[in-house]
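Following this message is one structure expressed as structure tokens.
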Amino acid sequence: MLAEKYPNEVKKILAKYPPERKQSAVMPLLHLAQLEAGFVDRHAVVEIAGICGITETDVAEIIGFYTLYHDAPEGKLRLQVCTDISCALRGADEFLAKVCERLGIQPGGTTPDGLVTVEAVMCLAACDKAPMFQVQGPDGIAYHENMTVDKTMEFIETARKEVK
Amino acid sequence: MSHLLLRHRDIPDIGEIDVYKKNGGFEAFKKAVTSMKPQEVTDVVKASGLRGRGGAGFPTGIKWGFIPGNIWPHYVVANADESEPGTFKDREIMESNPLQFLEGVAIAAFATGANAAYVYLRGEFWPVAAILDEKIAEMEKAGFLGDKLFGTDYSLRIYTHLGAGAYICGEETALLESIEGKRGQPRIRPPFPAVAGLYGKPTVVNNVETLTNVPLIVEKGADWYRSLGTADSAGVKIFSLSGHVNKPGNYELPFGTTFRELIYTYGGGVTDGRPVKAIMSAGASSAVIVADDKALDTPMDYASVRTLGADLGSASVIVINDSVDMDWVINKTIHFFKHESCGKCTPCREGTYWMLHLIERIALGEDVKATTELLHAVAKQMQNKCLCPLGEFSTMAVTTAIERFPADFKASSSRAKTGTIEGGKHG
Amino acid sequence: MAKMVSLTIDGRPVSVSEGTLIVNAAKTIGIDVPVFCYHPKMEPVGMCRQCLVEVGRPAIDRATGQPVIENGQPKINFGPKLETACTTPVSEGMVVLSQSDKARASQKEILEFLLTSHPLDCPVCDKGGECPLQNLTMEHASPQSRFLFDEKHHAEKRVPLGDKIWLDRERCIQCARCIRFQEQVAGEPVLAFYQRGRSTDIITSSEPPFDSIFSGNTTDICPVGALTTADFRFGARPWEMKAAASICSLCPVGCNVTFNTRREAKSRARTGTTTAGGKVVIKRAMPRQNEQVNEIWICDRGRFEWHYVEREDRLEKPLVKKNGKLEKVSWKVAIEEIGNKVKGNKEEVVVLASGRLSNEDLFNLKQLADGLGGEALLYDSLPGGELTTKYGVSAGTNIGDMGAGTTILVAASDLYHEAPIWHLRVKQAAERGATLIIVNSEATRLDKYAKHLVRCEKGEAAKKVRELGAAVKDAKNLVIFFGADGSSALAEACAELVKSRAGKPNNGLVGVWPRANDQGALELGFKPAQDLQAVFEKASVVYIVGADPIGDGAIKTQNVKRKPFIIVQELFLTETAKLADVLLPAQAFTERDGSYTSGERRVQRFYPAVPALGETKADYAITALIAAELGIEVEGRSAGLVMDKLAAAVPAFADITYGKLAETTEQWPIIGRADLYYGGTSYQNSQGLGVPLGRENKKAEEGSL
Ligand SMILES: Cc1cc2nc3c(=O)[nH]c(=O)nc-3n(C[C@H](O)[C@H](O)[C@H](O)COP(=O)(O)O)c2cc1C
Ligand code: SF4
Ligand code: FES
């Protein structure tokens, strides 16, 4: 339960918006709800609907619309490689293909130990630092820029030891 | 010349509140609140010729002037959604010179009579939002935000709001929907946000870079600002340079700098020393410019770029050398827009989907000539019918690539070596 | 009066009030701009882009502020882009071209976009034949698709959104009408879009799923066959069905409906609850437009709960009890049996009728009771409800007109469950600015629209209403809906508040009756039954029509010392019917004509939809037979003739004739016609808008409690 686990954060989020506009809190609350498990489960949907005074359907449609929200569990870390035009001009597609090859998965797939899911995503506003990816995980989102395949594998190995 | 916006490049710790203050920080805001009327602030900005840096280039002071005085409250929203492929300037400002940006937000709020301002950041800017939250807290502590500022009756609070992965939320009405906790789908206009914006109240939406200019304009005056740049494009601009260049990055330059200077003088030339083939001046939304000498020597300001059949937009300059074919380029842009179409209006929702199928057929070398013609027709058919500019944007590169680089649409072009990889949500 | 604006559309001049949207201005002169997302009952969203038209506006000289004149004509500037007729309001001197080359090309092009994702499975689609997308495709589409079949969007075709509504994702054209209906009209936002772009789908995530009592309306306004009812899915093709106008008989709102019927093939063994072979059966109930009653909506009860009339255990022949067993007899024998038993017992005759019966049935029953010197009692009514005949709302009342200045009090009633369309209309009145006050012991779905919410103990509503007195005194208009709170005190307290306003439009009492025609029964002089047990034990003859007091437990027969002679007139073998000495088979309201008086005191006609079953007769006709046998003159030849007698006898009904009840006037929005764009498949009303009672109220002003 969010209200129990993050009482201060929930309070802070609600304080950002006019009291009669609680619906505005739905996106930050979803970010919060997703932190631990990497996806938003039904309990969270019901709780957030209650906090915001909207229906569960209203919450579900937000999850569906925005790419950063997930309604099903995947790897603990989502490694999201930008393959958009600027990055692709600097070899992002090949980079993604090689990372996937080294991990033995397809883009969109998850390593057998459930640690990383590798996905291709649209521009992340880091076009001058390709190849790059962001990692969506228990601590939020972090960018990893000017990457090489080796550096990426190192990152994953370190994470494998830490995130268990 | 020293930097006006990317000031951290000259003053390394400008993001620290003491350093910022030591370098004149918050003097402009204080001056505005303690010695100017809101209307005077708006007038200075109007006179400076500052135009929006978010893409449309709308004069900022005029926009502020649209806020009616008979509907309250008012809001200021900073657009930090920065999702146009090839654009990465706002992020650098917020990461490294956040206080100047926040001071700009504060001045805009004062000028328009807003007591609350929101910074809407794309969801991926999670760490950037954390920086801003920290800076906002410091400003509150130092008395630059909060109640009764500088001993006046003026109160202001700034809040961050994170998006969650949707390019369309850069469109200002979709952005407002998103703050309201809804799907980020654009509203029909009129009414414009200046009349009915956030929560139905008068709202100014400005880009991060636009707002970051404001403290300097208030401090140094409209004439000083006008003296930089060109007649129709006053001041400086951050050019986000990416793609096939040796030194991609942000370059803060006066308007009127040529493409050649940007690419060769600042960007260190083209990757592998190959010739530039095409330029996209406004990211993926851009028409593609044939990079001939005339184009390279064109000054980058709003009016001059238009003579090349393109827009300067947010000045996200993507350089493409002759190693790739344009069918591959629009394959990328179509994928992007198909992924980002919000689905609200028919031509964009169906058109981007259809274009994607067509460009994939072309990538497979199937019936390339006829399919290219159909692709061109479909793109044309979308134009002037969409509810918001995204749908129109999605066609710009498509029609111009086919018209300006017809030779690149043939059965045996380079595409095969780099097919676009599908993946992620909404794939 | 709103300011009028003049413009031309396709060269034809039209004048409409300021703020009118182009699409509606065009509609008033018979020009149908094609629309999909636009619906006149909801906020425009301009998202489907089907309605793009060329719009020109007079050029204005900046210096003078006057229109620029060229060659004696105002110069018209056309913008570079087409504009959506559904979101653009008209302006003075505007020139709209909906049929220019550019506009027609655009309509065709948007249509092509829509069809890239639509399966065009019209031959198996329930909407086929009444589908605007199909119509427009026939008009515009090129014979050859430019879209490859295997590149078409494919999606699930059978997704239950709840028990009642099914979604075909492939057919959905993302107009959001269903979502907006649930959000804006029903106020139950349980449908939404999931994902985005071409992946956009309709979903519901509520628990339980899509269970709104208004859900069926989404299938009417869905412009394609994406939403269908589980009840009618694959039931019949629209062109195979006949339409009969009717009035929903399930609650006092009196929603205008249309029953669609079809003669089932001999080979078809069953449909729904009935053996069908060769019979004409009802396939579906659809709303029929009456802007003053139900607009273009009906609730799901009205849409789905008519099936009982086709149950297999309907009574088809008269029965008479012989040796403790009911045996089939002829009408003649049954009526004679009644004659023999009743003739000696006149003074102790009790007629117990239900508000399910029509005005005509009730009038005849009352005539009979009066003729025999007996009592005419209304079964199962609200205590004190007869006050509505004095202080009920009167002619000119329309919830649809109510807004700021009107106060609506809902006391001890849960309109959502008891009279759903009133819930919907009161909610909308509150949203338009009417002051809604709710007094109730329990929470209701209307509570969130109330300006004042008064919670009370059960049985205390009357007290709370009295305490409101001062608060509602100054309301410009005051309408009170009251339900059951145990005693007649509530009705009296409510009446006290509106007494001085009686006769004024949009003022007065509305009883939230359990039955469709309780109001009619009261108007005709029926007394609400009290202490039925005592009545039953005292009477020597009881004539029970359309009611099951024994099954309901209102009369307990175990210890009754002297059982009266019991005549029961019914559709089914109810517990009461089982005790009958004579059991007479009545026709269902779908098999005959008649009229009901709604809770808002509007008299409305219904018409036969299907042939009568077996030897059944209309209630009014049966009563006339009995009366004749007993030497009392009662009209029984036709419902219309009964109404003539009724109108002559009952002042409130004076002037009402079947002809008047069948009159209609133009209604806005225009729906249900061949174009099918506007309102969806709700039926146009060409069979009568009904007539409100009201003249009696002048007398009421002088009356006292
Ligand atoms: C599809 C679309 C995406 C946009 N994305 C952005 C964006 O990421 N950042 C931005 O500042 N403006 C963006 N805009 C422009 C905004 O709608 C708006 O014009 C701008 O924020 C106004 O600020 P300005 O006047 O300071 O430029 C976008 C517009 C469209 C149509
Ligand atoms: S289901 Fe029907 S009403 Fe709902 S969005 Fe789809 S087409 Fe429109
Ligand atoms: S956009 Fe006008 S009807 Fe859909």
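Bear in mind that the values in this text are calculations on the coordinates, not laboratory data. The structure displayed is predicted, hence computed values, not measured ones. For neighbour counting, all protein chains shown are included, and Cβ atoms are generated from backbone atoms with ideal geometry for every residue, glycine included.
Convert each backbone phi in the range A:120-135 into a coupling constant with the Karplus relation 6.51 cos²θ - 1.76 cosθ + 1.60 (shift: θ = phi - 60°), then list the ³J(HN,Hα) values in order as whole Hz, x for Gly and Pro.
Computed from phi, the couplings for the range A:120-135 are 8, 10, 7, 2, 10, 6, 9, 4, 8, 10, 6, x, 8, 8, 10, 10 Hz.
Turning to a different aspect of this structure: In terms of modelled amide H atoms, which long-range or inter-chain residues lie less than 5 Å from the amide H of residue C:544?
Residues meeting the amide H criterion: C:352, C:567, C:568, C:569.
Please list, in chain and number order, the residues 5+ apart from residue B:57 or on another chain whose amide H is under 5 Å from its amide H, with Hs placed from the backbone.
B:52
Can you run phi through the Karplus equation (6.51, -1.76, 1.60; θ = phi - 60°) for the range B:4-17 and list ³J(HN,Hα) in whole Hz, with x for Gly and Pro?
Ordered by residue, 3J(HN,Hα) equals 9, 9, 8, 5, 4, 6, 9, 10, x, 9, 4, x, 7, 4 Hz.
Quick one: net charge of residue C:438's neighbours, Cβ under 12 Å, K/R +1, D/E -1?
Charge balance near residue C:438 sits at +3.
Counting DSSP beta bridges in chain C, what percent are antiparallel, to the nearest 5?
Antiparallel: roughly 55 percent of the beta bridges in chain C.
Then there is this: What is the log10 of I(q)/I(0) for chain B, computed with the Debye formula using one identical point scatterer on each Cα and no solvent, at q = 0.12 Å⁻¹?
Per q value, in the given order, log10 I(q)/I(0) is -0.97.
What are the chymotrypsin sites (Phe, Trp or Tyr not before Pro) within the range B:43-120 that DSSP puts in a loop, where the Cβ has at most 16 other Cβ atoms within 10 Å?
In loop regions of the range B:43-120 (DSSP not H, G, I, E or B), the sparsely surrounded chymotrypsin sites (Phe, Trp or Tyr not before Pro) are B:66.
May I pose another question? Rounded to the nearest 20 Debye, what is the dipole magnitude of the range C:271-417 about its Cα centre when Lys and Arg each give +1 and Asp and Glu each give -1 at the C-beta?
Dipole of the range C:271-417, to the nearest 20 debye: 740 debye.
Would you pull out the residues with amide H under 5 Å of residue C:602's amide H, same chain only if 5 or more places away, H placed 1.01 Å from N?
C:693
When a footprinting reagent is the concern and you count Cβ atoms within 10 Å, what order do C:299, A:100 take, fewest first?
Ordered by Cβ neighbours within 10 Å, fewest first: A:100, C:299.
Take the residue pairs B:135/B:220; C:341/C:563; C:127/C:157; A:76/B:332; B:30/B:135 and return only those whose Cα atoms are more than 21 Å apart.
As for pairs spanning more than 21 Å Cα to Cα, those are B:135/B:220; A:76/B:332.
Taking the highest mean first, how do the peptides A:31-39, C:147-155 order by number of other beta carbon atoms within 10 angstrom per residue?
A:31-39, C:147-155
Under 15 Å between alpha carbons, and skipping anything fewer than 8 positions from residue B:148 in its own chain: which aspartates and glutamates qualify?
B:140
Using θ = phi - 60° and the Karplus relation 6.51 cos²θ - 1.76 cosθ + 1.60, list the HN-Hα couplings for the range B:64-72 in order, rounded to whole Hz, with x at every Gly or Pro.
My calculation for the range B:64-72 gives 4, x, 6, 5, x, x, 10, 10, 10 Hz in order.
Rank these for me by crowding, B:8, C:39, going from fewest to most other beta carbons within 10 Å.
Final ranking by Cβ density, sparse to dense: B:8, C:39.
Here's a follow-up. How many Cβ atoms of partner chains, on average, are near each residue of C:42-49 if near means within 10 Å of its Cβ?
5
On to the next question. What ranking, highest mean first, results for peptides B:143-152, C:429-438 when packing means the other Cβ atoms within 10 Å averaged over each residue?
So the order, starting with the most tightly packed, is C:429-438, B:143-152.
Can you grab the distance from the C-alpha centre of the range C:1-23 to the C-alpha centre of the range C:386-422, Å, no decimals?
34
Report the Stokes-Einstein translational diffusion coefficient (µm² s⁻¹, integer) for the range B:146-266, Rh taken as the Kirkwood radius over Cα pairs, at 4 °C with viscosity 1.567 mPa s.
Once the numbers are plugged in, D ends up at 73 µm²/s.
Using the Cα atoms of the range C:429-538 to build a convex hull, what is its mean projected area in square nanometres?
Directional mean of the projected Cα hull area for the range C:429-538 stands at 8.6 nm².
Also: In a shell of Cβ-Cβ distance under 9 Å around residue A:65, excluding residue A:65 itself, what net charge do Lys and Arg (+1) and Asp and Glu (-1) give?
+2
Measuring from the lowest to the highest alpha carbon on each principal axis, how far does the range B:233-281 reach, largest first, in angstroms?
That gives 34, 17, 16 Å along the principal axes, largest extent first.
Let me ask something additional. So what's the angle, to the nearest 10 degrees on a 0 to 90 scale, between helix C:639-649 and the longest Cα principal axis of chain C?
Helix C:639-649 and the main axis of chain C meet at about 70 degrees.
With each label point set 7 Å from Cα along the Cα-Cβ vector, what nm distance links residue B:23 and residue A:46?
If labels sit at residue B:23 and residue A:46, their model points lie 5.3 nm apart.
Moving to a separate point now. Let me know the mean shielding of B:178-191 by other chains, meaning the per-residue number of their Cβ atoms within 10 Å of its Cβ.
That average works out to 6.
Oh, and also: Could you give the length gained on full extension between residue C:307 and residue C:442, defined as 0.36 nm per residue of separation minus the Cα-Cα distance, in nm?
Between residue C:307 and residue C:442, full extension yields 45.5 nm more.
Over the whole of C:480-493, what's the average partner chain Cβ count within 10 Å per residue? Rounded to a whole number, please.
Partner-chain Cβ atoms within 10 Å, mean over residues of C:480-493: 0.
Which residue, C:287, C:571, C:194, has the largest displacement toward the positive end of the dipole of the protein assembly as shown when charges sit on each Cβ (Lys, Arg +1; Asp, Glu -1)?
Of the candidates, C:571 comes out farthest on the positive side.
As an exercise, take the mean of 1/r over every pair of distinct alpha carbons in the protein assembly as shown, invert it, and state the Kirkwood radius in angstroms.
Roughly 34.8 Å, rounded to one decimal.
Any chance you could give the angle, 0 to 90 degrees and rounded to 10, that helix C:489-498 forms with the longest Cα principal axis of chain C?
Helix C:489-498 and the main axis of chain C meet at about 50 degrees.
Based on Cα coordinates alone, diagonalise the gyration tensor for the range B:100-170, multiply each eigenvalue by 5, take square roots, and list the semi-axes in whole Å, largest first.
24, 14, 8
I would also like to ask the following. If the viscosity is 0.890 mPa s and the temperature 25 °C, what Stokes-Einstein diffusion coefficient in µm²/s follows for the range A:77-162 when Rh is the Kirkwood radius over Cα pairs?
It comes out at roughly 195 µm²/s.
Using only Cα atoms, locate the centre of the range C:507-529 and the centre of the range A:98-146, then give the distance between them in Å, rounded to an integer.
The distance from the Cα centre of the range C:507-529 to that of the range A:98-146 comes to 70 Å.
With a point put 7 Å past each Cα toward its Cβ, work out how far residue B:199 is from residue B:142 in nm, to one decimal.
Label at residue B:199, label at residue B:142, 2.8 nm between them.
Computed over the Cα atoms of chain C, what is the ratio Rg over Rh, Rh following Kirkwood?
1.02
Can you tell me the order of A:116-126, B:197-207 when each peptide is scored by its average per-residue count of other Cβ atoms within 10 angstrom, highest first?
A:116-126, B:197-207
Separate question: Would you mind ranking A:154, B:252 by Cβ crowding within 10 Å, fewest neighbours first?
With the fewest neighbours first, A:154, B:252 line up as A:154, B:252.
Could you work out the per residue convex hull volume over the alpha carbons of the range C:4-115, in cubic angstrom?
Once divided by residue count, the hull of the range C:4-115 is 116 Å³.
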